[in-house]
1. Among Arg17, Arg4, which is at pLDDT 75 or above, farther than 19 Å from Val176 by Cβ, in contact with an Asp or Glu (Cβ under 9 Å, 6 or more places away or on another chain) and surrounded by fewer than 16 Cβ atoms within 10 Å (Cβ to Cβ)?
2. I want to confirm something. Restricting to segment 52-69 and keeping residues that are assigned to a helix (DSSP H, G or I) and of a type in the set (Ser, Thr, Tyr), which single residue is nearest to Ile189 (Cα to Cα)?
3. How many of the residues making up segment 163-205 are without any contact (Cβ under 8 Å) to a residue 24 or more places away in the chain and under 30 Å from Lys85 (Cβ atoms)?
4. Could you pull out the residue among Ala185, Ala135, Ala124 that is under 22 Å from Tyr56 (Cα atoms), small (Gly, Ala, Ser) and not in a loop (DSSP other than H, G, I, E, B)?
5. Exactly one of (1) touching a Phe, Trp or Tyr at 6+ places or on another chain (Cβ under 8 Å); (2) in contact (Cβ under 8 Å) with a residue 40 or more places away in the chain is unmet by Val219. Its number?
6. State which residue pairs qualify: first residue among the aromatic types (Phe, Trp, Tyr) and inside segment 231-253, second residue assigned to a helix (DSSP H, G or I) in any location, beta carbons under 6 Å apart, and separation of 6 or more residues or different chains.
7. Quick check on segment 98-115. Is at least one of its residues free of Cβ contacts under 8 Å to residues at least 24 places away in the same chain, β-branched (Val, Ile, Thr) and on the phi < 0 side of the Ramachandran plot?
Amino acid sequence: MTNRRGIWAIYRFEMARFGRTFWTSLVMPVITTSLYFIVFGSAIGSRMDEVSGVPYGAFIVPGLMMLSMFTESISNASFGIYMPKWSGTIYEMLSAPISPLETITAYVGAAASKSIIIGVIILATANLFVDVEIAHPVLMAIFLVVIAITFCLFGFVIGVWAKSFEQLQVIPLLVVYPLTFLGGAFYAIEMLPPVWRTITLFNPVVYLISGFRWTFFGVGDVPVEISIGAVLGFFAVLLAIIFWMFRTGYRLKT
């Protein structure tokens, strides 16, 4: 029987932490999105009318949403599970009558909720600068939720793996951020020279951004079927890693 009370208790605790910094969390994506549109939309957009048949200002919206959601998802989930490790309350949670799946559901669910809220705020802010029409709104919402959950799982893995607050920032700053910028967040892969285009296709973030952009405009750098397969593949791998961590107690019981 599912321990709904335990899931709700952890979820509510994590969302309460988000509530204490709600206005900061609300203002920052608005300011960041505005700055991106001023820099990329005005400086670059004035020299580039369209990309793949889409006005450049609208073209960068999915990439901008993904950039923010990647970092928010990883940060929220990693910090959420790292704090119990750091404070020592992780042992109480591990001994509580709540299963690993229920623990993951609570922490990842709270982190994903925060990321989705940020994503919606960014989309709303973007509409103040450009008209963004969503070709497949239902698929866009599904893609948004699945990608948020997937990167929250990634953040959960980082939170369990990290031994210090500094390590929490290593992978987001040195891996995720560069891969996102090089993954077509603000340009189409077809704009690159053939050699770099081939190299870029080894970047896993390309498939996530491409699939999400397809739900907006019906165009992407790779077929949407491949993007869906990549997202589901990442989800399955990360879920397997987390269950292995709980089964073995990797950096949870020491």
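The values are calculated or read from the model by the stated rules, or taken from the named source; none is laboratory data. Because the structure is predicted, anything quoted here is derived from the model rather than measured. Glycine gets a Cβ as well: all are built from the backbone with ideal geometry, and neighbour counts include every protein chain shown.
1. Arg4
2. Tyr56
3. 9
4. Ala124
5. All conditions are met except number (1).
6. Within 6 Å, the pairs are Phe234/Thr150; Phe235/Thr150; Phe246/Pro100.
7. For segment 98-115, residues free of Cβ contacts under 8 Å to residues at least 24 places away in the same chain, β-branched (Val, Ile, Thr) and on the phi < 0 side of the Ramachandran plot: absent.
Residues checked against (1) in a helix (DSSP H, G or I); (2) surrounded by fewer than 17 Cβ atoms within 10 Å (Cβ to Cβ); (3) modelled with pLDDT of 90 or more; (4) of a type in the set (A, V, I, L, M, F, W, C):
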| residue | (1), (2), (3), (4) |
| --- | --- |
| Ile199 | yes, yes, yes, yes |
| Gly211 | yes, no, yes, no |
| Val222 | no, no, yes, yes |
| Ser227 | yes, no, yes, no |
| Leu232 | yes, yes, yes, yes |
| Val237 | yes, yes, yes, yes |
| Ile242 | yes, no, yes, yes |
| Leu252 | no, no, no, yes |
